[in-house]
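Structure, as structure tokens:
The values are calculated or read from the model by the stated rules, or taken from the named source; none is laboratory data. Given the structure is predicted, the values throughout are model-derived calculations rather than measurements. Because the Cβ atoms are built from the backbone with ideal geometry, glycine has one as well, and the counts that use them run over all protein chains shown.
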Amino acid sequence: MYIYINSIDYNRSISDGPGIRTVVYVQGCTLHCEGCHNKSTWDTNCGPKYDIVELAYELKEKSLNHKITISGGEPLFQKEAVISLIKELEGCDLCLYTSNNFDEVPKEILPYLHYLKVGKYKQELRCTTIPYIGSRNQKFIDLTTEY
Amino acid sequence: MGETYENASDRKSYVGTIFNKGSDLTKKEILDSLPKEWSDLHTKGYIYIHDLNAYGTTYNCLNFSILNKFPFDELNQYNDTLKILEIFGHFRNIIAKMANEQSGGMGFANFDEDISTIFDKLHIEHSEKNMELLSASILSFIRWINGVHERCGLTSYYVTLNLGLSTNTLGQKVTEYVLTSFRMAGPKVFKPNIVFKVKEGINLKKSDPNYYLLELALATTCEKMIPTYVLCDCESNKKYNPKNLSVMGCRTRVVQNIFGEPTGIGRGNIANITINLPRIALDINAAYPSVETEQKISLFLEKWKEIAATAVNILLDRYKKLISMDKIYFPTNMAFDLWTGGFLAAASLEEIFRNGTQALGFIGLSETIEILIGSPYYETTFGTELALKIVREMRAYTNNLINIYNLNFSLLATAGEQISGSLPEKDCKYYDHPVLKKGFYTNSFHVNVDSGLTPFEKIEKEGPFHTLCNGGCISYVEFSSAPISNTEALYELICHGINCGIHYLGFNFPIDVCNKCGEKGIFDICDSCGSKDITRIRRVSGYLEILDYFTSGKKNEVKNRKSNN
């Protein structure tokens, strides 16, 4: 199976979940939120195409602490591929950033995730003082303690 | 703001103006009195003699031996309330007086443990009321250090509180109060420098008794960039008793002592001369444009040794003058025995100041390698090896000086607050080179501030230099914004730092504060209230200050800073 990726930022992020995290920006989003920080991910028909098994291998190789956040775009726009990638990354400290609400996130991936960020970005609720979220309506959930 | 400042902590005042006039005249007199060959090196920018106005009349910095002659008897006659108030009164008194007796920073090596010892010796009860007063006194002490600009009428006291190792209940409380007070005091309280000492078995692992204090320290750093961290288990520190390690001023590290046990307590730097490495490289490039790289490096090191030899003569001359001073110029040192060696009983000042260290510093290693081989050192394995070879040679040279002169010498990784801008400015008069365009030289061995390396990579690249620079150094990880609540990230980098040989680690990020509503963030217009009245707080040479007061070199550096995340 293949997945379209916008870019990968290795071992650098401090704002996409606890620790120093590698962030995978998955290509494609149809929400087009005002104030989006990553408009280059909107296009649903472009970006490098990765074999999922190979991508998972590369991520495990290059991410020093195996702390990986899957962000976007809207990762669940390529739902099947992302589910497959998450399963391939079993054993890593995984976080998923989605604009969906908690109920809309496929239940089968929850056991693989450590953290989950849910909720659409709303520019009018923009917030820079609460960790790991962009607007006040969003929620950052530690799945090991909260669910 | 049109005014210029020699240090970011300076402010203008009538007394300060008079001090500066006297200081400038003294510097000129001293330079005129030195052999021309020596003063030329300074005026032409090959070397920088730090604290020139104190040449031969005082030393640089000191970690107080605060317990030596603490006035226990005097305070023991009071009740607990007065005792606690007077402990901090004594600290303030010492800081203010010592600022008149020495030219540089002051350190408390074990602020937590020392206060608990003082409480014990004064038989102060650990009652709720006394703990409340202790906590309030600590906050008041912090606010005082942050607020005063009375030293020489123009600047603040450069105080460093080292803590984190005391495992007795009161020592732990002191660390907790310092961190909590500092954190709650708001963004505009950004002094003193607080250094948390990290040590496995005490505070590094979850099962360690002070792990909760490390967590508190990390949470504080996430908001305020302070504390910074001395890593007691790193290669260069692990053989020492962690209680004897400490940092004073922006980075000074004093440990080995040929006259006594290895410790930083009761000891300091006597003087420091920084050698302008890029200038030597520019000279060599111009004089030998077509030689092979290897030969260029040999020529570079040869010229460095030539300049270092003169710098050492200057340090020795300065030291000789210092030890021939009359003790009466050091009344506070005498009264409270703040140096090791017994100030009052000592037959001469030599018996005291020989415990201090003479430091040879360097600036702009990154530019130097770029001048010599065409790219910054960290970009290639060859460059990295070359950079390490140069620093190894410098360290071997300072080590050798110890045997030759029977004095403590060390290699210091200079931050160069003022010279980061003034040295390239001087070099521009003689040369035109791309490294001169950005208006500052990079701090000691640091990778370029816009390197784009990840935090892990930066630590890996800079770690080996920490093992070599025994006179002090620091590495910073630069974040684009405050790592809100991400203590886990800082903890990972601390662990990585220990493994990579990092002795002293700090975290930088921009803090903008709205003067109208107090909101913090990164903005030109406040996110909350829309005000344009913003104070920008940044780190400069180890301490935090308001950006408007930065020197030109450091202002240029801030413009170039690119985060590692």
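Could you count how many residues in region B:498-556 are of a type in the set (A, V, I, L, M, F, W, C) and over 19 Å from B:S444 (Cα atoms)?
Qualifying residue count, region B:498-556: 15.
Mind counting the residues in region B:483-502 that are among the aliphatic types (A, V, I, L, M), part of a loop (DSSP other than H, G, I, E, B) and buried (at least 23 other Cβ atoms within 10 Å of the Cβ)?
Residues meeting the conditions: 1.
Using the structure shown, decide if B:P510 is under 28 Å from B:E425 (Cβ atoms) and within 13 Å of chain A (Cβ to nearest Cβ).
The answer is yes for B:P510.
B:N93 - would you say it is at negative phi, surrounded by 16 or more Cβ atoms within 10 Å (Cβ to Cβ) and within 26 Å of the chain's Cα centre (by Cα)?
No.
Could you please let me know if A:Y50 is under 12 Å from A:V26 (Cβ atoms) and among the aromatic types (F, W, Y)?
Here the answer is yes, as A:Y50 does meet what is asked.
Just the residues that are in contact (Cβ under 8 Å) with a residue 60 or more places away in the chain and away from every other protein chain (no Cβ under 14 Å), please, taken from region A:57-115.
A:G72, A:G73, A:Q78, A:E80, A:A81, A:V82, A:S84, A:L85, A:Y97, A:S99 - these are the residues of region A:57-115 that are in contact (Cβ under 8 Å) with a residue 60 or more places away in the chain and away from every other protein chain (no Cβ under 14 Å).
I'd like the full set of residues that are touching a Gly at 6+ places or on another chain (Cβ under 9 Å) and farther than 19 Å from B:H50 by Cβ, limited to region B:305-353.
B:S324, B:D337, B:L338, B:W339, B:T340, B:G341, B:E351, B:I352
Just for region B:422-472: of the residues that are closer than 29 Å to A:R21 by Cβ and of a type in the set (A, V, I, L, M), which one is surrounded by the most Cβ atoms within 10 Å (Cβ to Cβ)?
Per the criteria, the residue is B:I459.
Among the listed residues B:F190, B:F196, which satisfies the condition of being of a type in the set (A, V, I, L, M, F, W, C), in a loop (DSSP other than H, G, I, E, B) and touching a helix residue (DSSP H, G or I) at 6+ places or on another chain (Cβ under 9 Å)?
B:F190
What is the one condition in (1) facing another protein chain (nearest Cβ under 7 Å); (2) surrounded by fewer than 24 Cβ atoms within 10 Å (Cβ to Cβ); (3) touching a Phe, Trp or Tyr at 6+ places or on another chain (Cβ under 9 Å) that B:S480 does not satisfy?
Condition (1) is where B:S480 drops out.
Scan region B:311-330 for residues that are within 19 Å of B:K27 (Cβ to Cβ), of a type outside the set (A, V, I, L, M) and surrounded by 17 or more Cβ atoms within 10 Å (Cβ to Cβ) and jot them down.
B:R318, B:Y319
Residues B:F19, B:F70: which one is under 24 Å from B:L133 (Cβ atoms) and touching a residue at least 60 places away in the same chain (Cβ under 8 Å)?
B:F70
Scan A:G17, A:G28, A:G35 and give me the residue that is farther than 21 Å from A:Y115 by Cα and within 14 Å of another protein chain (Cβ to nearest Cβ).
Only one candidate qualifies: A:G35.
Filter the strands (runs of 3 or more DSSP E) completely within region B:511-565 down to those with at least 2 residues that are at pLDDT below 80 and within 21 Å of the chain's Cα centre (by Cα).
B:543-546
Looking only at region B:79-87, decide whether some residue is assigned to a loop (DSSP other than H, G, I, E, B) and crowded, with 17+ Cβ neighbours inside 10 Å.
no
Results for (1) modelled with pLDDT of 95 or more; (2) among the hydrophobic types (A, V, I, L, M, F, W, C), shown as yes or no for each residue.
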{"site": "B:V391", "(1), (2)": "yes, yes"}
{"site": "B:A415", "(1), (2)": "no, yes"}
{"site": "B:K426", "(1), (2)": "yes, no"}
{"site": "B:E462", "(1), (2)": "yes, no"}
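Going by the structure shown, is B:E350 under 26 Å from B:L34 (Cα atoms), in a loop (DSSP other than H, G, I, E, B) and of a type in the set (D, E)?
Against the criterion (under 26 Å from B:L34 (Cα atoms), in a loop (DSSP other than H, G, I, E, B) and of a type in the set (D, E)), B:E350 does not qualify.
Determine whether B:Y229 is under 23 Å from B:F445 (Cβ atoms), in contact (Cβ under 8 Å) with a residue 12 or more places away in the chain, out of contact with any Ser or Thr (no Cβ under 6 Å at 6 or more places or on another chain) and part of a strand (DSSP E or B).
Yes; evaluated as a whole, the condition is true for this residue.
Could you say whether any residue in region A:120-131 is within 28 Å of A:C46 (Cα to Cα), touching a strand residue (DSSP E or B) at 6+ places or on another chain (Cβ under 6 Å) and either within 14 Å of another protein chain (Cβ to nearest Cβ) or part of a helix (DSSP H, G or I) (or both)?
Scanning region A:120-131 turns up no residue that is within 28 Å of A:C46 (Cα to Cα), touching a strand residue (DSSP E or B) at 6+ places or on another chain (Cβ under 6 Å) and either within 14 Å of another protein chain (Cβ to nearest Cβ) or part of a helix (DSSP H, G or I) (or both).
Out of the residues in region B:283-316 that are acidic (D, E) and in a helix (DSSP H, G or I), which is farthest from B:H433 (Cα to Cα)?
Among those residues, the one meeting the criterion is B:E306.
Can you tell which of B:T220, B:T160, B:T228, B:T155 is more than 21 Å from B:N63 (Cβ to Cβ) and buried (at least 17 other Cβ atoms within 10 Å of the Cβ)?
B:T220
Identify the residue in region B:153-165 that is out of contact with any Asp or Glu (no Cβ under 9 Å at 6 or more places or on another chain) and within 16 Å of B:D10 (Cα to Cα) and, among all such residues, is modelled with the highest pLDDT.
Ranking the candidates gives B:V159 first.
Scan region B:120-131 and give yes if some residue there is buried (at least 20 other Cβ atoms within 10 Å of the Cβ) and farther than 15 Å from B:T160 by Cα, otherwise no.
Looking for residues that are buried (at least 20 other Cβ atoms within 10 Å of the Cβ) and farther than 15 Å from B:T160 by Cα, one finds at least one in region B:120-131, hence yes.
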